[in-house]
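Data first, discussion second: the structure below is written as structure tokens.
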Amino acid sequence: MLFSSGIFIFLFLPASLIGYQLLSRLGRPALLMWLTLASLFFYGYWNPSYLILLIASILMNFLFARKLGEGRSEQSQSRWLIIAITANLSLLVYYKYLFPLLNFFHEHGAIHRSFVDVMLPLGISFFTFTQIAYLIDLRQRIAKRQGLLPYSVFVTFFPHLIAGPIIHPRELMPQLDEGRIRGLRVDDLALGLSWFIMGLTKKVLIADRVAPLSDVLFAHPYAAGISTAWLGSLAYAMQLYFDFSGYSDMALGLARMFSLEFPFNFNSPYKAQGIIEFWQRWHMTLSRYLNEYLYTPILRWVNGRRMDAGKKVTRKASATLEGFTTMVAFPVLTTMFIAGIWHGAGIQFLVFGVLHGLYLTVNHAWRIFTPQGHRFHKKIPASILVVLNFLCVLVSLVFFRSANVHDAVYLLGTMSGIHGAGPAFGNFAFLEGIPTTSKFLVHTSTTLLALAICFFIVWALPNTQEILGQLRADETRMPSLLPRLTWKPTAVWSVGLAALFCFVILLLDASTRFLYFQF
Amino acid sequence: MHRDREQALPLSTALRRQMMLYLLPLMMGPLLMLLVGCFVLPSKWVALHSQNTYLVNLGWGATLHNANCQIVVYGDSTAMVGINPAVIKERTGLNTCNIAEFEGMTILNGTMVLDRYLEQNRKPQFIVFLYAPEDFDPPSQRNMVSTFEAINWRMGQPHKLASLYAIRHHPQYFFEWIEQGWRTVIQRLGTKPAAPKVVDFRADHSGQFPIEAPTQTACEDTVRPTSVPSEEWVSGLRKYNRDDMTVLVDSTPMPPCDPKLTYFRERLSGLIDNEVKTLPIGSFTTDGRLHVNAAGSVLLSNTVANQILQRMSGNSTTGAR
């Protein structure tokens, strides 16, 4: 069930909220049970057969969790943790990588028979990662062992089940404790619904409207001229941004309707002035996950080996070529290599990951070898850094979206002019395939205008959490053209958002799946 | 700012009231859109201003009063496009009405149009049910057709709640109808209503809905689903075999090169009253649903006329019934 569907908005969401409120009189177990059942229904609506997989995964990890945490020997815990992680990753590998990999070998003549891919269960990466994090946190005594009901809510709660954010046990579990979880609060409902509408608007009104241009470009990359290649790639960059940030806003808004708080997952990444900052703003919970459960363990392992060899692991040591290579470049590249694979079974995703690994390494080199106050720093205006960073990301997104590496390389060649100017945008034959709800994309002027509006929103306006006043006390708003634009539960905001909501609903049937559902 | 969850205080009455007032338009706006849509979208105004020939002529058979046709043809779009009542009348001498609808209507609303016709007119001697071979299993066709017009007609009938209940298994149809319908209304605000020749299109063609499209030249493009005909569904059609009405359940012809010809001949054998006949590929159009063109229409209408003449002379040679 999509957040951006009539069934979800008019049937599932009201029913789940009403049920939650009615059951609040019966106490915490009833609320947890309701949230679990509602979330399982939400998941099973897509394909009931995969509900069994989800439930089995929850039960399996719940049982593994009994072997971890307090009261168990260190050795036994480590053993069980390895078994649990192996079991979880095996499930992920089977559904996500095994058959594409076998078919890859088949295509290259390594094996003779081909295989039919199994259907990828929605959200398998997300619920697998969430549960692995729980088990590791238990092992490290950061998290407490939970009962089956709160654990089920932690894993299945529908706002984050399919595409994140990837929640830490310490973020959600305390909110499910006795006395904390209760019925609906009208202020949370107001804030959550407003948040949801803003996210829905991003998805339906922007992402889905510009998507057809990137769809036709990446379906026919060899027919595009330089202008089409650029416009289509920029359209994809905007589609992905508004699709994913819209989804994240909706997820956070939905959780807030139930008076539960999720961590931010998106914080104006295209305003970043460097790739390190970009990853601190893009899919923030994934970046955090990669940092905590991949990068940090790899770095610890590297540092341990260095210390065993009698080498230093200080900041100063990392500023040498040898130290930088082992303590910075190696962990970063390895982490991003794995992050690339996580995004999908295809060499293009691997290239995407490695490319970002290289970007990060260069950015770290800049940070380490030209420390704060260096004379180079003041010579480059922030706007140039933002644009440069965006272009780097754009190159990586061409790989991310292309069907294969060959298509991506060809398209990048077209964008750089290697293949000549090619046909003008208006002569790109496949524009005919653009649906009526995005017909503005068939003319150069209106396409440019649409993309200009997207860039204006991305670069010049405050983001959703800034507008909604949800920044943490230690965070400040980024510079924007509307620094005082702040949501308030007033008549103007209510009528404005209601009108927007109605307008967006008119386009729901022309909405598509969220891009991150495929991961 | 982030609220400290431990210190979440109860809201004051004034703040609670303010929040409730804030939420009211956010919740009621979309709901009103659904509610008002149920009354506005099926209205004559929307149909006329849509300038959509299908929409304006939807459920034409249900609007007939005292037409008193002796032969009534009902079925899917292959019948609606293909049957020329004038040809059948000329051959049989019986006044003929083509009240068939396109597939969305037959799937969603079954025989409601026919039932309404029968309520408002003298009982015919013959009811000919004519469907494409793959449509004898209507549920399998759901993915192939637009349901907007069908729901629009249904919601325009009395007892809206019953109409809503009828689509309870496919709630997305209802929401898609509302969304597309309101978009049409907004786009058509300020436009002129459809011209009389659009409004009277079916009446002017004796109920036939001819479609102009290029002639089909090969079977490569003909993709029919492998549906399994439903005996139960065909039995439902035969229930009209009462009050001296004779029911014929027929399949529309296929081109000889259609790869599913043998399959459907075998599947439909004994179930329907004709056999799945063939018409030359040049009798069909390329509009995607293998409708017949003008030449094909004459052939198809004559085929039905022959069948009725055989029945009238008590000399039925095809089919089991």
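Set side by side, the residues B:THR217, B:THR278 differ, and just one is of a type in the set (Ser, Thr, Tyr) and within 18 Å of B:ALA132 (Cβ to Cβ), which is B:THR278. Among the residues of region B:269-313, those that are assigned to a helix (DSSP H, G or I), surrounded by 19 or more Cβ atoms within 10 Å (Cβ to Cβ) and under 22 Å from the mean Cα position of the chain (by Cα) comprise B:GLY296, B:SER297, B:LEU300, B:SER301, B:VAL304. Given the structure, is B:GLY29 assigned to a helix (DSSP H, G or I) and in contact with a Lys or Arg (Cβ under 8 Å, 6 or more places away or on another chain)? Judged against the criteria, B:GLY29 is not a match.
For every residue, the table says whether it meets (1) in the same structural domain as A:LEU468 (by TED's automatic domain parsing); (2) under 24 Å from the mean Cα position of the chain (by Cα).
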residue: A:PRO169; (1), (2): no, yes
residue: A:MET173; (1), (2): no, yes
residue: A:ASP177; (1), (2): no, no
residue: A:LEU200; (1), (2): yes, yes
residue: A:ALA219; (1), (2): yes, yes
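Between A:THR437, A:THR447, the distinction of being out of contact with any strand residue (DSSP E or B) (no Cβ under 7 Å at 6 or more places or on another chain), part of a helix (DSSP H, G or I), facing chain B (nearest Cβ under 9 Å) and within 20 Å of A:VAL204 (Cβ to Cβ) belongs to A:THR437 only. A Cβ distance below 9 Å, combined with a sequence gap of six or more or placement on separate chains, defines the contacts here; from region A:38-57, residues that are acidic (Asp, Glu) reach no residue that is outside any helix (DSSP H, G or I). Filtered by the rule that a residue be surrounded by 12 or more Cβ atoms within 10 Å (Cβ to Cβ), more than 43 Å from the chain's Cα centre (by Cα) and more than 8 Å from every other protein chain (Cβ to nearest Cβ), region B:10-35 gives a lone residue, B:ARG17. Inspect all residues belonging to region A:254-271 and state whether any of them is more than 23 Å from A:THR128 (Cα to Cα) and among the small types (Gly, Ala, Ser). Within region A:254-271, one or more residues are more than 23 Å from A:THR128 (Cα to Cα) and among the small types (Gly, Ala, Ser). Apart from one condition, B:ARG116 fits all of (1) over 30 Å from B:ARG168 (Cβ atoms); (2) outside any loop (DSSP other than H, G, I, E, B); the exception is (1). Scan region A:358-383 for residues that are assigned to a loop (DSSP other than H, G, I, E, B) and not hydroxyl-bearing (Ser, Thr, Tyr) and report the count. The total comes to 8.
Only residues that are free of Cβ contacts under 8 Å to residues at least 12 places away in the same chain and charged (D, E, K, R) were counted in region B:215-228, giving 1.
List every residue pair whose Cβ atoms lie under 7 Å apart, where the two residues are 6 or more positions apart in sequence or sit on different chains, the first residue falls within region B:229-241 and is under 21 Å from B:LEU261 (Cβ atoms), and the second residue, located anywhere, is modelled with pLDDT under 90 and of a type in the set (Asp, Glu). From residues that are under 21 Å from B:LEU261 (Cβ atoms), the pairs are B:PRO229/B:ASP137; B:SER230/B:ASP137. Could you list, in sequence order, all residues of region B:242-254 that are of a type in the set (S, T, N, Q) and either free of Cβ contacts under 8 Å to residues at least 40 places away in the same chain or in contact with a Leu (Cβ under 9 Å, 6 or more places away or on another chain) (or both)? Correct list: B:SER251, B:THR252.
Looking across region A:391-434, the residues that are in a loop (DSSP other than H, G, I, E, B) and more than 20 Å from A:GLY346 (Cα to Cα) come down to A:SER416, A:GLY417, A:ILE418, A:HIS419, A:GLY420, A:ALA421, A:GLY422, A:PRO423, A:ALA424, A:PHE428, A:ILE434.
If only residues of region A:420-479 that are under 17 Å from A:ASN265 (Cα atoms) and of a type in the set (A, V, I, L, M, F, W, C) are counted, the one that is surrounded by the fewest Cβ atoms within 10 Å (Cβ to Cβ) is A:MET478. Put simply, of B:ALA195, B:ALA150 the only residue that is among the aliphatic types (A, V, I, L, M), over 24 Å from B:ASN293 (Cβ atoms) and surrounded by 14 or more Cβ atoms within 10 Å (Cβ to Cβ) is B:ALA150.
Under the condition of being part of a loop (DSSP other than H, G, I, E, B) and small (Gly, Ala, Ser), which residue from region B:219-263 is nearest to B:VAL128 (Cα to Cα)? By that ranking, first place goes to B:SER230.
Okay, residues lined up against (1) within 14 Å of another protein chain (Cβ to nearest Cβ); (2) not hydroxyl-bearing (Ser, Thr, Tyr):
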residue	(1), (2)
A:GLY469	yes, yes
A:ARG472	yes, yes
A:PRO479	no, yes
A:THR490	yes, no
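Please state which one of A:ASN61, A:ASN88, A:ASN47 is out of contact with any Leu (no Cβ under 7 Å at 6 or more places or on another chain) and crowded, with 18+ Cβ neighbours inside 10 Å. After ruling out the rest, the residue left standing is A:ASN88.
Closer than 24 Å to B:MET112 by Cα and modelled with pLDDT of 85 or more: is that true of B:SER269 in this structure? So B:SER269 fails the test. Of these, A:LYS271, A:LYS316, which one is at pLDDT below 90 and not aromatic (Phe, Trp, Tyr)? Step by step, each of A:LYS271, A:LYS316 is checked, and only A:LYS316 is at pLDDT below 90 and not aromatic (Phe, Trp, Tyr). Any residue that is touching a His at 6+ places or on another chain (Cβ under 6 Å) and not aromatic (Phe, Trp, Tyr) - is there at least one of those in region A:439-457? There is no residue in region A:439-457 that is touching a His at 6+ places or on another chain (Cβ under 6 Å) and not aromatic (Phe, Trp, Tyr).
No other residue among A:ARG170, A:ARG180 is under 29 Å from B:ALA14 (Cβ atoms), without any contact (Cβ under 8 Å) to a residue 40 or more places away in the chain and not β-branched (Val, Ile, Thr) apart from A:ARG180. Against the conditions (1) away from chain A (no Cβ under 14 Å); (2) assigned to a loop (DSSP other than H, G, I, E, B); (3) among the charged types (D, E, K, R), B:LYS197 satisfies every one except (2). Of all the numbered requirements in (1) surrounded by 14 or more Cβ atoms within 10 Å (Cβ to Cβ); (2) at pLDDT 95 or above, A:ASP509 misses one, and that requirement is (2).
The values are calculated or read from the model by the stated rules, or taken from the named source; none is laboratory data. All values derive from a computational prediction rather than experimental measurement. Please note: Cβ atoms are built from the backbone with ideal geometry, for glycine as well, and neighbour counts cover all protein chains shown.
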